[in-house]
Amino acid sequence: MIRHSKREENSLNRAATPARTQAPVKRLRCRALLSFAALVFIVAGHVHPAFGNPAQVTNLLQPLSQPAQEIKELSMLVLTICATIFLIVAGLLVYAIVRFRHRPGDEASEPPQIYGSNQIETAWTVLPILIVFVLILVTSRTIADIQDRKAPPGAIHSTVVGHQWWWEIRYPELGIVTANELHVPASDGNRRQPTFLNLESADVAHSFWVPQLAGKTDLIPNRENRMWIEPTQPGTYLGNCAEYCGMQHARMLLRVIVQPPAEFEQWVKEQQQSAFEDASATEGRKIFFANSCVSCHAIRGTSAQGTFGPDLTHLMSRQTLASGAAPLSHDSLRAWVHDPQQLKVGCLMPNMQITDKEVDQIVTYLETLK
Amino acid sequence: MAAQEISLISSAPPRSSLIDRLHGLVVTVDHKKLGLMYIGTALLFLVVAGLMAMVMRWQLAIPNNHLVPPDVFNRLFTMHGTAMVFLVGMPILAGLGNYLVPLMIGARDMAFPRLNAFGYWMFLFGGLLLYFSYLGAPGLSGHGSAPDVGWFAYAPLTGRAFSRGHSTDYWILSLLLTGIGTTVSSINVIATAVSMRCRGMTLMRMPLFVWMMIVTNFMILLVMPALSVAQIMLLIDRYLGGRFFDTQAGGSALLWQHFFWIFGHPEVYILMIPGFACVSEIVPVFSRKPIFGYPVMVGATTMIGLISMGVWAHHMFSVGMTSTGNTFFAISTMLVAVPTGIKIFNWLGTMYGGKIHFEVPMIFCLGMLFQFLIAGLTGIMLAVVPFDWQLTDSYFVVAHFHYVLIGGLLFALFAGFYYWYPKAFGRMLNRKLGLWHFWLFTIGFHLTFDTMHIPGLLGMPRRIYTYDAGRGWETLNLITSLGALVQAAGILCLVINLLRSLKKGEVAGNDPWDAWTLEWATSSPPPEYNFETLPVVRSRRPLWDLKHPEDPDWKYEG
């Protein structure tokens, strides 16, 4: 039999009045808790000792430079607001589910039929609008602050050109060309020295991302983008290409090496020199120049002037090979010269089909390029 | 629940041979058969694209894995994304719209039955064409295979210089075909809902499901051309010497991104609104109350549709727009949160004061509410431009949109399957298997996608086929991959349930859930003509009026 309750329009309160023993609200849904716990886990910043090598973990919530620092502060505010909203709404949901669940002993009657309430609708429209308003204010301020920053006198200027799948790095004012590893000076309180990057692409779209230094900015062909960093702590910072750019997108790694100013000056001086000539490697040098290596690679001070591949003038001053595909060592260099496709399948450097002896000689020559 | 049988008509399905039935499927113009064919085909594609995701997760479970080479991996994520959006999400929404809209508005078929069949076959052959690329794309030169440019196919990676062979052509042509199918299906649903409602069903008496279908299909009509046009421009670039996106000849890579996201972002809402539609029908029935704030729900849906047309460049915060441009799109994106929030609150208001029955459809809806809440909040984080500079194109974004599309949409669709299956096949889905499905899938989902946020925060970019050990990603990726296995087990329960219940399910009767909309007024499954006499309605809940003649809704609706 169906019994009808009296209807109450525009009243939520009446619906809640039937006296019942309050059900315990403690049965919080575990998935809700789980997600929140995950969030807290990160926020607390305790992630890296548990997973991975601390030197290599690039937690964007542990920034070590502007503007990543400023982004993190904004992010924490947003995370807090979102976590609060989640707790309130999820709490209400759990409450409604527990409190208004159908109980086996219930009569078959329908609950009071309520169609809505204009006051309540207005409340939960206006409240989110206010929250959104606050978020927009803080967001737009940070956008302008980071994006419209002018380069101060004394700033380092560098041009980064994305290639499939490596980074060309130029310092036009210093006359340096290198690859895959960006060197910048550390800023300190006495001498602020941010680095401003011009980002371009030689082929498809890429994106420059070193999480602990700054957010990403894309490198798009036919376009010049700009970003800046101002790290204060010397060290090596890992990053990646963050825009899908084809076959070896995953092996387009990036590092930024932040040095104390004096050390950076020293590095600049070394890089400005032409390639080192070593008599012990004349055989390898000959083979290098006799093959088509020179049509893609440049070695300053020689006739090798190719621009399709990385500049090799000071190859041995770098930490990695093939845009982070391997650490730079005798063995990896040998493997690479022997057959690049083994180390990084699909890369644009072909297997040159040279004999093992010639490989050894070329490697000996390359190892003189300090 | 007081289950009342209301049989206005009765019919027994005629027996026939397999050949006859297959032939029947090929020649049919019946909206119900076509609707089920849409959904069935989409489920097949769901399994295929899901298995592709499993291979990717296997590859990423451990660092420096050599299970698949990079080119194969890149095809996997391209095909997974493209198939899930165009061959699973879109056809399921077309299928639900096809099956339910005529029944809900008391019509005997869609406005254009033949066009309806045409739309289905375009979708099917478009989908098959996409998968045929594995065989067909190598062509004579042997360069191509399946598309490997990502589902977003950013220029100039799709130009002939970077994408040789025919793989990108297959991506373009198959999506143009399914796009035609989707467009005609949208025209059909809108025309049906606008012009074929039964007597007494004014616009403001339509079930919310129909309202949301109208909105979502209008959005398809508005944005699908952006994608089709961009794809045709790309074809012109590739074969007729066009220079739209050819950056080496002065074309613009950004132009493609704008075109793609003008389509691509509303597309997310196009996929999501049918999920809202299912939830808006199911939550009231199992709370035993009408939807809270019906007119506000209609308004909020329309607002989502309108605002979502102006948010596309939030996918492009890192391309170097001006600070003014970035701020504009941050504002519009955050504004979408307002009507979306209103919907969550209205579902909450519907449950508040009700008597909630934990049937399987309702349980899936409750899961959806929690998960969609989280997905919405991570969406807010991504709308905060500087935060987005860090998060975009990282695994955080992958986790976010899978939270939307699985935690939100797929859960809502599963709820819909359990809810309307009895109507479509006359038999209930098994509750026990349904609960297994729910718990396995939910646990797997949270293992995978809660965990997946963290590598994003630790700097792991999307679309990488492998990564080195030591960056803190390994354990998290392993958990993510294990979760995928648990999800697959859940899906297996669903498949078994769907097939087994066809024959062995409990007989449902016309109205197993004691529901209120018109589809429950006819037999299960409904006869070809749906209703023997066309119904006349006086309120939003015609079956409530019928069951409670002494206390009908029309006395109270303004």
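Determine which aspartates and glutamates satisfy two conditions relative to residue B:32: a Cα distance under 14 Å, and not lying fewer than 8 residues away in the same chain.
B:109, B:519, B:528
Take the residue pairs B:355/B:547; A:286/A:344; B:289/B:423; A:72/A:344 and return only those whose Cα atoms are more than 28 Å apart.
Numbers: B:355/B:547 18 Å; A:286/A:344 26 Å; B:289/B:423 21 Å; A:72/A:344 35 Å.
In this structure, A:72/A:344 exceed 28 Å between Cα atoms.
About the Cα centre, and with charges only on the beta carbon of Lys, Arg (+1) and Asp, Glu (-1), how big is the dipole of segment A:52-208? Nearest 20 debye, please.
Details: 10 positive and 14 negative charges, 73 e Å.
So the magnitude is around 360 debye.
If amide H atoms are built 1.01 Å from N in the plane of the peptide, which residues on other chains or at least 5 residues away come under 5 Å of the amide H of residue A:167?
Hits under the 5 Å cutoff: A:180.
Report the residue, chosen from A:281, A:242, A:214, that carries the largest GNM mean-square fluctuation when chain A is represented by alpha-carbon nodes joined by springs under 10 Å.
Checking each option, the largest mean-square fluctuation is seen for A:281.
Rounded to the nearest angstrom and ordered from largest down, what semi-axes does the equivalent ellipsoid of segment B:124-251 get from its C-alpha gyration tensor (root of 5λ)? List each step's numbers first, then the result.
Values: eigenvalues 291, 54, 20 Å².
They are 38, 16, 10 Å, listed largest first.
Relative contact order of chain A, please, whole-number percent, based on alpha carbon pairs below 8 angstrom and at least 6 residues apart.
Details: 603 pairs, mean separation 53.9, N = 370.
About 15 percent, as a whole number.
What's the angle, to the nearest 10 degrees (0 to 90), between helix B:70-82's Cα axis and the longest principal axis of chain B?
Taking Cα atoms only, the helix is inclined about 30 degrees.
Just the number, please: percent antiparallel of the DSSP beta bridges in segment A:156-260, rounded to the nearest 5. All intermediate terms of the calculation are to be shown ahead of the outcome.
Details: 25 of 37 bridges.
Of all bridge pairs located within segment A:156-260, approximately 70 percent are antiparallel.
Contact order normalised by length for segment B:435-536, with contacts defined as Cα pairs under 8 Å and 6 or more residues apart; what percent is it? Write out the running numbers ahead of the final one.
On the way: 75 pairs, mean separation 33.5, N = 102.
After rounding, I find 33 percent.
Quick one: which residues, 5+ away or cross-chain, put their amide H under 5 Å from the amide H of residue A:207? H built at 1.01 Å from N.
Sorted by chain and number, the residues that satisfy this are A:219, A:242, A:243.
As a test of the formula, what do you get for chain B when each DSSP H run with n ≥ 4 contributes -39,500 (n - 2.57) and the sum is divided by the residue count, at 222 nm and rounded to the nearest 500 deg cm²/dmol? Kindly include the intermediate steps, with their values, before the conclusion.
Values: 17 runs with 349 residues, N = 558.
Calculated at 222 nm, the ellipticity per residue is -21500 deg cm²/dmol.
With each label point set 7 Å from Cα along the Cα-Cβ vector, what nm distance links residue B:55 and residue A:87?
Between residue B:55 and residue A:87, the label points sit 4.6 nm apart.
From the helices alone, meaning DSSP H stretches of at least four residues, give me the mean residue ellipticity at 222 nm for chain A, per-run term -39500 (n - 2.57), in deg cm²/dmol to the nearest 500. Write out the running numbers ahead of the final one.
Working: 10 runs with 129 residues, N = 370.
Using -39500 (n - 2.57) per qualifying helix, the result is -11000 deg cm²/dmol.
How big is the protein assembly as shown on each of its three principal axes, counting only the C-alpha atoms and giving the largest first in Å?
105, 63, 43
So what are the radius of gyration and Dmax for the Cα set of chain A, in Å?
30.1, 105
What is the extension gain from residue B:239 to residue B:306, computed as 0.36 nm multiplied by their sequence separation minus the C-alpha to C-alpha distance, in nm to one decimal? Intermediate values should be presented prior to the final figure.
Details: separation 67, 0.36 × 67 = 24.12 nm, distance 3.60 nm.
Residue separation times 0.36 nm, minus the Cα-Cα distance, leaves 20.5 nm.
Work out, step by step, the length gained on full extension between residue A:342 and residue A:263: first 0.36 nm times the residue separation, then minus their alpha carbon distance; give nm to one decimal. Intermediate values should be presented prior to the final figure.
Details: separation 79, 0.36 × 79 = 28.44 nm, distance 3.58 nm.
Length gained, residue A:342 through residue A:263: 24.9 nm.
Normalised by the number of residues in chain B, what is the relative contact order in percent for Cα pairs under 8 Å and 6+ residues apart? Don't skip to the end; give the middle numbers.
Numbers: 916 pairs, mean separation 103.5, N = 558.
Contact order relative to length: 19 percent.
All of the numbers you see were taken from the coordinates with simple rules; none came from a lab. Since the model is a prediction, treat every value here as computed from it, not as a measurement. All Cβ positions, even for glycine, are placed from backbone atoms using ideal geometry, and neighbour counts span all protein chains on display.
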